[in-house]
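This report concerns only the one structure given below.
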């Protein structure tokens with residue numbers, strides 16, 4: 001329990017700093033139109049945490065203690081409160097939470113506490129993520145040496161650093177290395193995902209239906225599993241649902257360009273959380289480009305795409321230059337695996353204990369509401385779920401594992417889970433009357 | 001019509017999931033209320049206390065951050081290697097095994113002959129060797145640990 005309290009306080013500091021940075025970035029982009037209060041705070045947190053993560057990673061390469069970063073954030077906070085006070089106040093004025101959000105927030109807080117207490121670590125959590133956090137924390141160890149050392153291949157050197165940097169901040173603030181204080185990170189992201197789903201569905205349904213959607217999402221066994229075993233898929237799920245739904249909101253109301261910009265900024269984080277996120281990032285950019293038109297031209301989307309892909313390019317150039325190697329996927333295409341992959345996908349959809357029927361239900365709803373696919377926003381979110389779901393199984397045609405079925409068995413259902421939050425909101429949006437929006 | 005289909009689908013999903021969910025939730029609540037904080041803390045650790053103690057002994061017996069050699073026979077699963085690598089970081093651990101190496105095998109394929117091991121030890125200036133089984137009857141380990149997955153022995157090359 002002590003670890004949870006300490007972890008919550010430390011995470012609170014990290015979140016506050018991230019929100020401050022996110023707000024600062026947002027103001028610098030000269031955007032004043034903010035979405036729903038819940039949407040606003042979560043967006044600022046995600047944007048800010050991405051910025052902090054990148055800065056702290058670069059600082060670590062340069063061997064600068066990350067504690068300086070928090071000092072800088074404090075200065076940024078003072079800057080926010082003094083130099084641009086009026087604008088900040090104007091933004092903060094909109095952040096009055098409603099009664100419903102407070103109720104849902106309290107429910108989710110209980111869930112956060114329970115999940116944090118239940119959280120344990122599997123190999124992915126400890127040997128891939130916490131190991132990198134330990135590496136970042138050991139200031140005397142040169143980071144470049146780790147990436148170029150072949151004896152660390154086992155730790156998946158090419159895995160991105162978003163999740164480890166959050167653990168690294170918590171260790172830094174705590175003053176020593178302690179894994180249990182970071183057990184609340186994934187439950188925290190799940191809580192935010194729940195809040196986001198509720199907030200989004202509430203636009204189109206009443207309070208009760210929105211709660212039903214939230215409960216369905218939280219009850220999915222695989223979601224429960226990945227939330228307590230220290231997998232990073234929950235984080236990808238949150239970034240993806242926020243990026244996709246904010247772009248959806250923009251498509252619904254092209255006058256609100258700020259939604260599209262939020263979406264781009266948050267979408268840029270997808271590849272920085274999980275290696276497979278680069279596929280999701282590419283598909284997200286592709287869809288955003290295809291559906292652009294009103295409000296934002298394709299040229300603008302292309303330009304933003306280039307800008308937000310820059311960190312991605314930097315990361316891969318860095319890995320390339322330093323000689324880090326990826327081990328999970330190769331360049332050899334194994335076409336003979338296709339039938340086995342399809343058979344596995346069929347088994348996965350039919351697998352009741354993991355709620356595989358959820359995807360069947362999703363398919364049925366899509367067929368029944370096929371006529372609505374003519375609506376641009378609806379077509380966009382639907383494709384945002386279907387496209388990655390179709391592409392992910394094909395990844396295993398390139399798997400280096402032997403047998404590759406083991407690779408597929410341990411990761412495909414987790415990869416699909418990244419789409420569950422979006423799928424939940426699509427399900428509830430599909431059966432809503434889009435013309436009746438709740439404020 | 002749309003709402004009806006949706007409701008039926010939802011019922012199917014919920015019914016298919018109920019047995020799993022109830023067993024999980026009951027396990028969940030019992031784990032929360034029936035266990036005290038100490039056992040909870042241990043349960044939340046992926047690394048067994050034995051390996052933590054063993055790595056502490058290695059750290060105590062070893063000077064500086066020189067690399068460590070980890071030797072296993074055939075049919076290994078690597079868990080001990082991951083655990084020791086995590087616990088003993090920033091010391092690099094080199095893993096050798098006579099098993100054939102695959103694309104995602106983390107060991108170096110080396111036949112377990114004295115000459116080959118000796119070469120490896122010299123190349124990386126290794127001071128400590130950890131093995132899953134006893135090495136040679138003439139060599140005496142400086143530490144031995146028995147745990148669920150078997151025995152671990154620590155040897156010094158000095």
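The values are calculated or read from the model by the stated rules, or taken from the named source; none is laboratory data. Predicted model, so just to flag it, every value in this text is computed and none were measured. Please note: Cβ atoms are built from the backbone with ideal geometry, for glycine as well, and neighbour counts cover all protein chains shown.
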Item to complete: Identify the single condition in (1) free of Cβ contacts under 8 Å to residues at least 12 places away in the same chain; (2) over 29 Å from residue A:431 (Cβ atoms); (3) in contact with a helix residue (DSSP H, G or I) (Cβ under 6 Å, 6 or more places away or on another chain) that residue A:305 does not satisfy, given that it satisfies every other one.
Response: (1)
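State all residues of the range B:73-82 that are surrounded by fewer than 20 Cβ atoms within 10 Å (Cβ to Cβ) and free of Cβ contacts under 8 Å to residues at least 60 places away in the same chain; if no residue qualifies, say none.
Within the range B:73-82, B:74, B:75, B:76, B:77, B:78 meet the criteria.
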Discussion item. Looking at residue B:49 and the list (1) surrounded by 15 or more Cβ atoms within 10 Å (Cβ to Cβ); (2) out of contact with any strand residue (DSSP E or B) (no Cβ under 6 Å at 6 or more places or on another chain); (3) within 24 Å of residue A:123 (Cβ to Cβ); (4) modelled with pLDDT of 75 or more, which single condition is not satisfied?
Written reply: (1)
Item to complete: Identify all residues within the range B:83-116 that are under 13 Å from residue B:71 (Cα atoms), more than 12 Å from chain A (Cβ to nearest Cβ) and either in contact (Cβ under 8 Å) with a residue 60 or more places away in the chain or surrounded by fewer than 20 Cβ atoms within 10 Å (Cβ to Cβ) (or both); write none if there are none.
Response: B:98, B:99, B:109, B:110, B:111, B:112, B:113, B:114, B:116
Fill in: Matching residues in the range A:124-138 - criterion: being at the interface with chain B (Cβ under 7 Å from one of its Cβ atoms), touching a helix residue (DSSP H, G or I) at 6+ places or on another chain (Cβ under 7 Å) and either outside any helix (DSSP H, G or I) or farther than 11 Å from residue B:89 by Cα (or both)
A:126, A:127
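One line per residue, one yes/no per condition, for (1) within 22 Å of residue A:123 (Cα to Cα); (2) more than 14 Å from chain B (Cβ to nearest Cβ); (3) in contact with a strand residue (DSSP E or B) (Cβ under 6 Å, 6 or more places away or on another chain):
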site	(1), (2), (3)
A:193	no, yes, no
A:212	no, no, no
A:220	no, no, no
A:237	yes, yes, no
Discussion item. Suppose we filter the range B:54-70 for residues that are at pLDDT 80 or above, more than 20 Å from the chain's Cα centre (by Cα) and closer than 12 Å to residue B:155 by Cα; how many remain?
Written reply: 0
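The rows are residues; the columns are (1) surrounded by fewer than 17 Cβ atoms within 10 Å (Cβ to Cβ); (2) part of a helix (DSSP H, G or I).
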site: A:346; (1), (2): yes, yes
site: A:373; (1), (2): yes, yes
site: A:397; (1), (2): yes, no
site: A:412; (1), (2): no, yes
site: A:416; (1), (2): no, yes
site: A:425; (1), (2): no, yes
site: A:433; (1), (2): yes, no
Discussion item. Quick check on residue A:387: is it touching a residue at least 60 places away in the same chain (Cβ under 8 Å) and part of a helix (DSSP H, G or I)?
Written reply: yes
Practice prompt. Spot the failing condition for residue A:141; the list is (1) at pLDDT below 90; (2) in a helix (DSSP H, G or I); (3) farther than 24 Å from residue A:278 by Cβ; (4) within 13 Å of another protein chain (Cβ to nearest Cβ), and only one is missed.
Written response: (2)
Discussion item. When you scan the range A:410-427, do you find a residue that is within 10 Å of another protein chain (Cβ to nearest Cβ) and in contact with a helix residue (DSSP H, G or I) (Cβ under 8 Å, 6 or more places away or on another chain), even just one?
Written reply: yes
Worksheet, complete the sentence: Pairs returned, first residue in the range A:351-370 that is closer than 13 Å to residue A:423 by Cβ and facing chain B (nearest Cβ under 7 Å), second residue that is modelled with pLDDT of 85 or more and part of a helix (DSSP H, G or I), beta-carbon separation under 6 angstrom, 6 or more apart or interchain, are A:365/A:427; A:365/A:430
Fill in: Index of the failed condition, residue A:406 passing every other in (1) within 14 Å of chain B (Cβ to nearest Cβ); (2) surrounded by 15 or more Cβ atoms within 10 Å (Cβ to Cβ); (3) part of a helix (DSSP H, G or I)
(2)
Response to the item:
The correct count of residues that are under 15 Å from the mean Cα position of the chain (by Cα) and modelled with pLDDT under 85 in the range B:90-111 is 2
Item to complete: Might you let me know whether the range A:312-327 holds any residue that is touching a strand residue (DSSP E or B) at 6+ places or on another chain (Cβ under 8 Å) and touching a residue at least 40 places away in the same chain (Cβ under 8 Å)?
Response: no
